[in-house]
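Accompanying notes for the structure given below.
The values are calculated or read from the model by the stated rules, or taken from the named source; none is laboratory data. Not measured: the values here are computed from a predicted model. In this analysis, Cβ positions are derived from the backbone assuming ideal geometry, glycine residues included, and neighbour counts consider all displayed protein chains.
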Amino acid sequence: MELRQLQYALQIAAERNFSRAAEKLHIAQPSLSQQLSKLEKELGVLLFQRNTSTVELTHAGSSFVKHAQKIIDSVEQLRKEMADISQLQSGRVIVGSMQITGSHLLPHVLPAFRAAYPQIDVVLLEDTSLNLEKLTASGQTDLSLLALPLTESSLTYEPVAEELIDLAVPPTHPLAQRFLAGDHTPVKLSELKDEAFIVLKKGQGFRKIVFDVCGEAGFEPQVVFESNNIETIQSLVATGMGVTFVPHYIARARRGEFLPVYLPLAEPIPSRTLVIARRKGRYLSKAAEAFIETFKETMANVVNQERI
């Protein structure tokens with residue numbers, strides 16, 4: 001049994017099709033079929049049931065794929081450990097990031113990381129928080145920047161920042177007018193129960209935070225519009241279509257036209273906990289460790305600059 005045969009079987013199981021699996025593996029289909037037949041003969045069991053249009057795992061195949069994946073993961077982790085030992089600061093780290101957060105925090109972190117570790121490659125993968133959890137759980141990212149709570153029980157995490165949440169309202173809104181006139185009294189959540197809300201679409205973790213914050217205040221937000229993009233939401237708020245909640249670091253970075261007015265919320269001020277998550281038991285490379293430390297140090301600097 002060879003490692004490449006394990007990889008071949010895993011690819012066939014993922015694609016459920018010999019032609020697509022061969023294409024992904026960059027080998028000829030007859031060669032793939034030959035290697036699988038050789039593996040099945042060695043094992044003495046049939047791993048796949050071949051039909052005219054589909055390929056299905058047998059009971060033995062399901063068990064084989066589960067164990068083969070563990071072996072491939074272990075080999076990959078071994079390679080990473082050996083690379084760290086021999087190359088020290090060289091390497092690669094795959095970082096997953098929510099679009100809503102990464103676009104405003106990573107521009108602070110990545111330049112600092114590149115300056116300290118110029119030979120470490122960072123690969124960014126942006127997606128919704130729900131998809132990022134799945135990708136991280138399956139080992140397709142080394143780390144992911146997420147916000148609590150997490151839904152995947154196979155993930156562990158390290159808190160990196162506690163981010164307050166601001167209220168964004170149109171410049172013509174009475175609350176904005178009050179603020180611009182010099183009254184900076186924080187807004188009570190109960191004042192928002194009759195407001196029209198613009199929120200992120202399902203799959204975005206911050207959407208749940210909006211509903212949870214409103215629910216704790218005793219009402220459900222009246223959603224009039226949804227978007228996948230927090231920038232679009234803020235522009236719509238600025239034009240008078242509704243109000244929304246915005247993570248503080250995003251609000252402070254907002255520039256350009258169609259600006260809403262950002263207002264502080266009253267105690268207890270809602271917040272979200274930003275974390276760097278990874279799969280439990282997954283080897284944490286030196287490159288990944290360096291990225292986490294750089295992220296934490298950069299966030300501490302951002303917070304300190306705000307206090308000045």
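Among the listed residues 193, 201, identify the single one that is in contact with an Asp or Glu (Cβ under 6 Å, 6 or more places away or on another chain), free of Cβ contacts under 8 Å to residues at least 60 places away in the same chain and outside the structural domain of residue 77 (by TED's automatic domain parsing).
Only one candidate qualifies: 201.
Is it true that residue 185 is closer than 30 Å to residue 94 by Cβ and either surrounded by fewer than 21 Cβ atoms within 10 Å (Cβ to Cβ) or not polar (S, T, N, Q) (or both)?
Spelling it out, it is not the case that residue 185 is closer than 30 Å to residue 94 by Cβ and either surrounded by fewer than 21 Cβ atoms within 10 Å (Cβ to Cβ) or not polar (S, T, N, Q) (or both).
Suppose we keep only residues that are of a type in the set (Gly, Ala, Ser) and not in a loop (DSSP other than H, G, I, E, B) within segment 209-233. Which one would you say is nearest to the chain's Cα centre (by Cα)?
227
Yes/no matrix, rows are residues, columns are (1) assigned by TED's automatic domain parsing to the domain that holds residue 72; (2) more than 28 Å from residue 237 (Cα to Cα); (3) among the polar types (S, T, N, Q):
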{"position": "128", "(1), (2), (3)": "no, no, yes"}
{"position": "137", "(1), (2), (3)": "no, yes, no"}
{"position": "171", "(1), (2), (3)": "no, no, no"}
{"position": "185", "(1), (2), (3)": "no, no, yes"}
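Can you pull out every residue in segment 209-221 that is out of contact with any helix residue (DSSP H, G or I) (no Cβ under 9 Å at 6 or more places or on another chain) and either aliphatic (A, V, I, L, M) or surrounded by 14 or more Cβ atoms within 10 Å (Cβ to Cβ) (or both)?
Matches in segment 209-221: 209, 210, 211.
State all residues of segment 25-44 that are within 30 Å of the chain's Cα centre (by Cα) and surrounded by 12 or more Cβ atoms within 10 Å (Cβ to Cβ); if no residue qualifies, say none.
Selection gives 25 alone.
Residue by residue, here is whether (1) of a type in the set (Asp, Glu); (2) in the same structural domain as residue 141 (by TED's automatic domain parsing) holds:
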site	(1), (2)
230	no, no
241	no, no
244	no, no
260	no, no
267	yes, no
280	no, yes
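What about residue 206, is it closer than 19 Å to residue 102 by Cα, in contact with a Pro (Cβ under 8 Å, 6 or more places away or on another chain) and in a helix (DSSP H, G or I)?
Yes.
Quick one: which residue in 47, 57, 78 is out of contact with any Gly (no Cβ under 8 Å at 6 or more places or on another chain) and surrounded by 16 or more Cβ atoms within 10 Å (Cβ to Cβ)?
Result of the check over 47, 57, 78: 57.
Can you pull out the strands (runs of 3 or more DSSP E) entirely within segment 1-116 that have at least 1 residues that are in the same structural domain as residue 295 (by TED's automatic domain parsing) and without any contact (Cβ under 8 Å) to a residue 60 or more places away in the chain?
Fully inside segment 1-116 and qualifying: 91-98.
Among the residues of segment 266-283, what is the count of those that are closer than 21 Å to residue 122 by Cα and either without any contact (Cβ under 8 Å) to a residue 40 or more places away in the chain or buried (at least 19 other Cβ atoms within 10 Å of the Cβ) (or both)?
Here the count works out to 7.
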